[in-house]
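Chemist: Here it is, the structure, as structure tokens.
The values are calculated or read from the model by the stated rules, or taken from the named source; none is laboratory data. Predicted model, so just to flag it, every value in this text is computed and none were measured. With ideal geometry, Cβ positions are generated from the backbone for all residues, glycine too; neighbour counts draw on all protein chains shown. What goes into the accessible areas is simple: the full protein's heavy atoms, side chains included, and nothing from ligands, DNA or RNA. Shrake-Rupley method; radii C 1.70, N 1.55, O 1.52, S 1.80 Å.
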Amino acid sequence: MKKFKRVLIANRGEIAVRIARTATRLGLEPIIIYSDADRYSLAVREAKEAYRLGGNRVTESYIDADRVLAIARESKADAIHPGYGLLSENSAFARRVIKEGFVWIGPSPDAMDAVASKSKAKELAIKAGIPVSPGFQGKQDPSLLAKEALKIGFPLLIKAAAGGGGRGIRKVESESQLQSMLEAARSEAVNSFGDGELILEKYIEEANHVEVQIFGDESGTVVHMGERDCSVQRRHQKIIEEAPSSALTPELREKITSAAVSLARAAKYTNAGTVEFLVTPKKEFYFLEMNTRLQVEHPVTELVTGLDLVEWQFRIADGETVPLEQLKISFKGHSIQARLYAEDPDKSYQPQTGRIEHFEFPNEVRVDHFLTPSAVITSFYDAMLAKIIVHAKDRGTAIKYLSKALDRTLVVPLTTNRQLLTEVLLDQRFQAGTFYTRTLDQSPLKSTTDISEAFETAALLFYSRSREAIEPHLIGWSTRPAAIFVTVTDGKMKRTLTFEES
């Protein structure tokens, strides 16, 4: 790279690992920062350079802009990559980065301001002639919001204008709930984003969440990398994503990708971004928002295009034009990603914390994670442990591959959503492509964890018994009614333990 050599990664978890690996491949020098709670993470373990932020909570570490910039100066970094979440969509921080002479690996602060707020982004979309979801964005007078809500009709959604990640959202079923929901949404918005502005949207009962990956450069060129379907959600949070979307016809795909490119051009957008839409069963589409960063689900786009999106971010930040023109970006096969969370789906998705005694992921698929032996999962950050991503020639085969990969995923002794992810993949609605954004909330799938929990207990017991003499590695397991078989090896011999139901 001409403009930078040393890149400070202002993030944590699996995305810090993922960015660092691409940086290293490109001959750059990644610099890791970490909180006290993350001192044993994979990013720190793999790092040649790592600097302690201090603290545990994000407010004490990763979103402390002063501390992050102080480490950037101390480490003699040339550039800062914000990853996603945390400071990634903070235009004020981006301006400070640039003012202090660092290269900002992301969109310009002006472009961020143009679309970061949901209300401003909708106004820009309307000017660009892009359909927007029916609703209201404007003055925050309570009486005006109530009046506009009655015009929209119930049910409706209240959303934080500066929000993301499912926070600051409330569904309102009737007028009697409106005021209390407005107050709750505004309070959460202020606490989460420091901005209490709200927008109102018509609640669309059955819709697919479809987003388009775009890239822009300083010459004004904008290209798209196709779409992703993120319709499998719980409480407005995505858990399974795929590319391409089975909800789109070729004609609708052309309209949506063209709309995304038009919006990015209108915002004079540079670097990576995602334009999000709702698609109805009648094949109508509405613009929702634009995310000015890399997305958690970007690996599915990478697998169907064969491109490294982080590499593109680096190259465009270095002043290059987009590496490929639109006609040369091709799409092959189907990719699906499942987010593995430390949470209990049967207990309102309650986050799980504690020390991980052992974990195993399948080697034949892509797994982005940050776990290390004896890693401790705390309550300070998001509960996502890993992303399991598969690629196949078609959607049906990809579903089979991912289901098999999840069967071979093990994290003990924490409860995870692994079984729920499998249940979704096996659900007829998902396989038919009719799993909508509200499906999981409206008709929860019962996570059948009995055999899973029994297996995990068996594996943990066997591992605990064996590790004093050898360092065992789990190589397989099988189940049948009333019995579980676990096999491990130390590289010299195999041992199998059978657990019979008592």
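Chemist: Let me know the volume per residue of the alpha-carbon convex hull for the stretch 43-112, in Å³.
Modeler: Spread over its residues, the Cα hull of the stretch 43-112 gives 93 Å³ apiece.
Chemist: So, one more: Rounded, prolate or oblate for the stretch 242-393? Axes are the square roots of the Cα gyration tensor eigenvalues, ordered a ≥ b ≥ c, and the cut-off for rounded is a/c under 1.5.
Modeler: Prolate is the answer for the stretch 242-393, as a/c is 1.5 or above and a/b outweighs b/c.
Chemist: Would you mind getting me the FRET efficiency between Leu150 and Lys283? Use the beta-carbon distance for r and R0 = 41 Å, nearest 0.05.
Modeler: 0.90
Chemist: To the nearest 20 Debye, how big is the dipole of the stretch 206-310 about its Cα centre, given +1 on the beta carbon of each Lys and Arg and -1 on that of each Asp and Glu?
Modeler: Value, rounded to 20: 280 debye.
Chemist: Could you tally the net charge around Leu150, taking each other residue with its Cβ under 15 Å from the Cβ of Leu150, Lys/Arg +1 and Asp/Glu -1?
Modeler: -2
Chemist: Need the full-extension length gain, Val190 to Lys268, defined as separation in residues times 0.36 nm minus the C-alpha distance. One decimal, nm.
Modeler: 25.2 nm
Chemist: Next question. Could you size up the charge dipole of the chain around its Cα centre, putting +1 on the beta carbon of Lys and Arg and -1 on that of Asp and Glu, and report it in debye to the nearest 20?
Modeler: 640
Chemist: Now, a different point. If I take every Cα pair under 8 Å that is 6 or more residues apart in the stretch 225-356, average their sequence separation and divide by the length, what percent do I get for the relative contact order?
Modeler: 25
Chemist: Right, another one. Skip the ligands, DNA and RNA, and give the accessible area per residue of the chain with a 1.4 Å probe, whole Å².
Modeler: Accessible area per residue, the chain: 43 Å².
Chemist: Additional query: Mind checking the full-extension length gain between Lys139 and Glu74? Use 0.36 nm per residue of separation minus the Cα-Cα distance, one decimal, nm.
Modeler: Net length gain for the segment: 19.0 nm.
Chemist: Moving on. About its Cα centre, how strong a charge dipole does the stretch 265-322 have in debye, to the nearest 20, once Lys and Arg get +1 and Asp and Glu get -1 at the Cβ?
Modeler: That gives the stretch 265-322 a dipole magnitude of about 320 debye.
Chemist: Taking each pair of different alpha-carbon atoms in the stretch 139-245 once, compute 1/r for the pair, average those values, and report the inverse of that mean as the Kirkwood hydrodynamic radius in Å to one decimal.
Modeler: 15.6
Chemist: Report the gain in length on full extension from Glu205 to Ala128: 0.36 nm times residue separation, minus Cα-Cα distance, nm rounded to one decimal.
Modeler: Value of the extension gain: 25.1 nm.
Chemist: Distance cut-off 18 Å, Cα to Cα: go down the list Lys159/Lys387; Lys99/Lys268; Lys159/Lys283; Lys122/Lys159 and report the pairs above it.
Modeler: The pairs that break the limit, which is 18 Å between Cα atoms, are Lys159/Lys387; Lys99/Lys268; Lys159/Lys283.
Chemist: Mind jotting down a quarter of the surface of the convex hull over the alpha carbons of the stretch 122-185, in square nanometres, one decimal?
Modeler: Here the figure is 4.7 nm², rounded to one decimal.
Chemist: Then there is this: If you project the alpha carbons of the chain onto the principal axes, what extent comes out on each, in Å, largest first?
Modeler: 67, 54, 45
Chemist: Considering only protein heavy atoms and a 1.4 Å probe, what is the carbon-and-sulfur percentage of the accessible area of the chain?
Modeler: Carbon and sulfur: 49 percent of the exposed surface of the chain.
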